[in-house]
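Quick notes on the structure that follows.
The values are calculated or read from the model by the stated rules, or taken from the named source; none is laboratory data. All figures in this text were calculated on a predicted structure; none of them were measured in a lab. Every residue, glycine as well, gets a Cβ built from its backbone with ideal geometry; the counts of neighbours run over all protein chains shown.
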Amino acid sequence: MNDYIVEHPILRFTHGKRVKFTFEEEELEGYENEPIAAALHAAGVRILSYSEKHKRPRGFFCAVGKCSSCLMEVDGRQNVMVCMEPLRPGMKVRRQKGRHQSK
């Protein structure tokens, strides 16, 4: 049984093409232009980052770019909110611990 909605009486669900990306050196697949966090969640990844102070795991939380639970390193850029960042082919995604300061 699927754990997601595939049909809805009002909304339409469309996907981009399937693309490959890397998470922590593992190759995964997702749909192009969907949020990276959605692709990770669909692949079973529940821990996106760790809090800086207490080192606690953080997951997909607000999904609208208002919290810092989904900050990750994407293609070498730190502090990317993956709930808002669209997935593109070949991206390299890594966890980070806490919020990194801008240089």
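Key figures for this structure:
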item: The range 10-48, residues that are β-branched (Val, Ile, Thr) and either touching a strand residue (DSSP E or B) at 6+ places or on another chain (Cβ under 6 Å) or within 18 Å of Gly76 (Cβ to Cβ) (or both); result: Thr22, Ile36, Ile47
item: Hits in the range 47-64 (condition: surrounded by fewer than 15 Cβ atoms within 10 Å (Cβ to Cβ) and of a type in the set (A, V, I, L, M)); result: Ile47, Val64
item: Leading residue by the ranking (nearest to Cys67 (Cα to Cα)) among those in the range 1-46 that are among the aromatic types (Phe, Trp, Tyr) and crowded, with 17+ Cβ neighbours inside 10 Å; result: Phe23
item: Hits in the range 2-34 (condition: of a type in the set (Lys, Arg) and free of Cβ contacts under 8 Å to residues at least 12 places away in the same chain); result: Arg12
item: Qualifying residue in the range 65-80 (condition: surrounded by fewer than 13 Cβ atoms within 10 Å (Cβ to Cβ) and farther than 26 Å from Lys20 by Cβ); result: yes
item: Positions within the range 81-90 being in contact (Cβ under 8 Å) with a residue 24 or more places away in the chain and in a strand (DSSP E or B), in sequence order; result: Pro86
item: All positions within the range 62-80 that are part of a strand (DSSP E or B) and aliphatic (A, V, I, L, M); result: Leu71, Met72, Val74, Val80
item: Scope the range 13-36; condition at pLDDT below 95 and within 14 Å of Gln96 (Cβ to Cβ); matching residues; result: none
item: Selected residue (only one of Ala42, Ala37 is within 17 Å of Arg94 (Cα to Cα), in contact (Cβ under 8 Å) with a residue 12 or more places away in the chain and touching a Phe, Trp or Tyr at 6+ places or on another chain (Cβ under 6 Å)); result: Ala37
item: Unmet requirement for Glu29, which otherwise passes all of (1) within 21 Å of Val6 (Cα to Cα); (2) not in a strand (DSSP E or B); result: (2)
